[in-house]
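Student: Handing you this structure, nothing more for now.
Laboratory data are not the source of any read-out in this text; all were calculated from the coordinates shown. All figures in this text were calculated on a predicted structure; none of them were measured in a lab. All Cβ positions, even for glycine, are placed from backbone atoms using ideal geometry, and neighbour counts span all protein chains on display.
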Amino acid sequence: MSHEAISVFDMFKISVGPSSSHTLGPWRAALLFINKLKNQQSLQKIIKLEILLYGSLAKTGIGHGTDIAVMLGLSGEDPVTFNVDEIDSYINDIKSKQTINLDGIHSIHFNPSADIVFLFNETLSFHPNALTFLASFEEGNDVAETYYSIGGGFVKKEGEDELSEQIISIPFPINHAEDLLHWCRKTGMSISEIVMENEYCWRSESATKIGLLKIWDVMKQSIYKGCHTKGFLPGGLNVNRRASELNKKLLGNATYSNYEEWLEKISAGGSQFNYILDWVSCFALAVNEQNASFGNVVTAPTNGAAGVIPAVLQYFTAFCGGNEDEKIIQFLLTASEIGSIFKKGSTISAAMGGCQAEIGVSSAMAAAALTEVMGGTQRQALMAAEIAMEHHLGMTCDPVGGLVQIPCIERNAMGAIKAITASQLALQSTPDYAKVSLDEVIKTMWETALDMNSKYKETSDGGLAINVPLGLSEC
C-alpha cells in the first residue's frame, strides 16, 4: 500500500507565531532555498533577490508576518531556536540598512518594501499559499524556485513529488482511520502503541519520548507565559489579552513562583463545572495570545489552532490526574496520528479548507487523545475524533485584518471544549451504534473544503473580515 509516512514530530513542530502556513511555512521555504544554493556553492554569487507572494500569502501576509518570516529564513535563522524577543530589532535592522545577510555569510542590497512583492490578485493552481524566490547572479543568469506552504508548516517545492522523501518502510502503514483500526484489531495494541512502533523507523523510543516531553514543555511554557502577560496584541486591532486577567480572577490572592506551584493551585481549586470550563478557556486563550504576539508555540497541527491540544492536555493534567510523563506521551502520540490521517485524507490548511481544517482537526486530535488516556477503546477514540470534526464542518476562515486574533483566539477555546465534550460522548457510547465513521467525516470535510467560497479561506475577503470595523478593542 502506497502511504505517506508522517512522524509525530511532523505534526508537532516548535514554532514562532502567528501562523504555521503563513509564517513557519514561508520561513522553512526560505531556508530550503538558501540551503540549496549554499550546497550548490552559488549562494555567495547572488547579487539580487526578489520574493513573490501569491494568493492567501499575499492577502493576509502582513497580518501573519509572512514578510518577516521570509527575511528570517533567508538570514539562516532557525524558527525552533530563534529568540523571538529579537524579531523587531532584527527586522528593523534589515529595513534601515536595506541589506540582508543571506545565511549569515553573504550580504546583498535588499529593500523589503520593493523586493517582497504581494501579488494580491494572483493565485497559483496547486495551492493558495505559494511563494517564488527570484535570484540574480554575478554571471547574469537567474534562478526561480516556487514553494507551497501546504499547512501546518509543511512545505512542498514545485516539481517535487510530495511523497518522495516520506515513503519509508514502517510496520503499520496508515492512510485512513480504517487502516489504523485494522492494525489495532490485529495486534491488540492501542493507537499510541501503534504510533510508537512506527516512530522506531526514525529514532529510538527514548529519543521519541524525550522529544515529546520537550514538545509538552513548550506547550506548558506558552500556557504559563500567556496566563501571566498583560497588554494588547500587536497588529492594530488593539485586542486586549484576556488570559492574564482570567487567571488572576480564578486564583484570587494565591501565591506561587513557577509552573508546578501554579498547577497545584489550579488543581486544588475544586471540580465545579464553571471553574473547570473557565480554566480550559483560559489555557487556550493564553496559547493563542502568545501565538498572535509572535511568541513560541507548538504547531498542533497549525499555529492558528495551537491552543486546542495544549488546553485539553492541561485540563487532563490539572483535573483528571494525568500529570504523568507516560500519559502525556500517550496523549501526544494518539493526537498526532489522527492529525496525520486528516492531512492525508483532506487538508490542515485553512487556505484550502477554511477553519474546519485547523480548529476542527485540532479538536478531533485532542478528542481522540483524551479518550485514549481516559481509558477509552481504540474505536471510542476514533468515534470521539469523528464527533469533534462533525461539529466543525463548514467552519470558515475569515480573520479580521488578516490577523490570527478575531475570531481565531476564541475559536481555540471553543475547539478545546468541543474536544472534551466529544470525548465524554464517546466514552459513554457504544461505537457499534455509530452512524458516521471518521473516514466518512474526513471525506465530507474535504468535499466541503472544495465547495467553500475562496473568500472564506484565509483571504480576509469575506465574513467577519469585512463586517467588523478595524480598530475594535475587543471581539
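Student: Report, in deg cm²/dmol and to the nearest 500, the calculated mean residue ellipticity at 222 nm for the chain, where each DSSP H run with n ≥ 4 adds -39500 (n - 2.57) and the sum is divided by the residue count. Please list the in-between numbers first.
Tutor: On the way: 21 runs with 235 residues, N = 475.
Helix-only estimate at 222 nm: -15000 deg cm²/dmol.
Student: Still on this model: For the chain, with the dipole built from +1 on Lys and Arg beta-carbon atoms and -1 on Asp and Glu ones, taken about the Cα centre, which of Trp262, Ile406, Ser363 lies farthest toward the positive end?
Tutor: Value: Trp262.
Student: Under 8 Å for C-alpha pairs, at least 6 residues apart: give me the relative contact order for the chain, rounded to a whole percent.
Tutor: 19 percent
Student: Using unit Cβ charges (K, R positive; D, E negative) and no other charged atoms, how large, in debye to the nearest 20, is the dipole of the chain about its Cα centre?
Tutor: On the way: 34 positive and 53 negative charges, 157 e Å.
That gives the chain a dipole magnitude of about 760 debye.
Student: A further question follows. Would you be so kind as to identify which of Asn83, Pro301, Gly235 lies farthest towards the positive end of the dipole of the chain, taking Lys and Arg as +1 and Asp and Glu as -1 on Cβ and the Cα centre as origin?
Tutor: Gly235
Student: Which one of His109, Pro18, Thr99 is farthest out on the positive end of the charge dipole of segment 18-157, using unit charges on Cβ (Lys, Arg +1; Asp, Glu -1) and the Cα centre as origin?
Tutor: Going by the charge dipole, the pick is Pro18.
Student: Let me ask another. Determine, for each peptide in 71-80, 267-276, 194-203, 310-319, the mean count of other beta carbons within 10 angstrom over its residues, then list the peptides with the highest first.
Tutor: Details: 71-80: 20.4, 267-276: 11.8, 194-203: 18.4, 310-319: 25.0.
Top of the packing list down: 310-319, 71-80, 194-203, 267-276.
Student: Karplus couplings for segment 224-235 from phi (6.51 cos²θ - 1.76 cosθ + 1.60, θ = phi - 60°), rounded to Hz, Gly and Pro as x?
Tutor: Using θ = phi - 60°, the values come out as 5, 5, x, 7, 10, 10, 9, x, 10, 6, x, x Hz.
Student: Express in nm, to one decimal, how much length is gained between Ala254 and Ser429 on full extension, taking 0.36 nm for each residue of separation and deducting their alpha carbon distance. Present the calculation step by step, with values, prior to reporting the outcome.
Tutor: Values: separation 175, 0.36 × 175 = 63.00 nm, distance 3.93 nm.
59.1 nm is the gain from fully extending Ala254 to Ser429.
Student: Something else now. Charges at C-beta only: +1 for Lys and Arg, -1 for Asp and Glu. How large is the resulting dipole of segment 183-340 about its Cα centre, in Debye rounded to 20? It would help to have the intermediate numbers written out before the result.
Tutor: On the way: 14 positive and 15 negative charges, 95 e Å.
In debye, rounded to 20, segment 183-340 gives about 460.
Student: Could you state the number of Å between the C-alpha centres of segment 262-285 and segment 234-261?
Tutor: If you average the Cα positions of each part, the centres end up 12 Å apart.
Student: Here is a follow-up. Remind me, what semi-axes does the chain give for its equivalent ellipsoid, largest first in whole Å, using sqrt of 5 times each Cα gyration tensor eigenvalue? Please report the intermediate quantities before stating the final value.
Tutor: Working: eigenvalues 245, 139, 89 Å².
Rounded to whole Å, the semi-axes are 35, 26, 21.
Student: Something else now. Considering just Cα atoms, how many Å³ per residue does the convex hull of segment 87-197 enclose? List each step's numbers first, then the result.
Tutor: On the way: hull volume 23.0 nm³, N = 111.
Cα convex hull per residue, to the nearest whole number: 207 Å³.
Student: Which distance in nm do the two modelled labels at Trp202 and Ser271 give, with both placed 7 Å along the Cα-to-Cβ direction?
Tutor: 3.7 nm
Student: To the nearest µm²/s, what D does Stokes-Einstein give for segment 360-411 at 10 °C and 1.306 mPa s, using the Kirkwood radius over alpha carbon pairs as Rh? List each step's numbers first, then the result.
Tutor: Working: Rh = 12.0 Å.
Diffusion coefficient, whole number: 132 µm²/s.
Student: Between Thr421 and Glu245, what is the spin-label point distance in nm, taking each point 7 Å from the Cα along the Cα→C-beta axis?
Tutor: 2.5 nm
Student: Take the alpha-carbon centre of segment 16-63, take the same for segment 340-372, and report the distance between them in whole Å.
Tutor: Here the two parts' Cα centres lie 26 Å apart.
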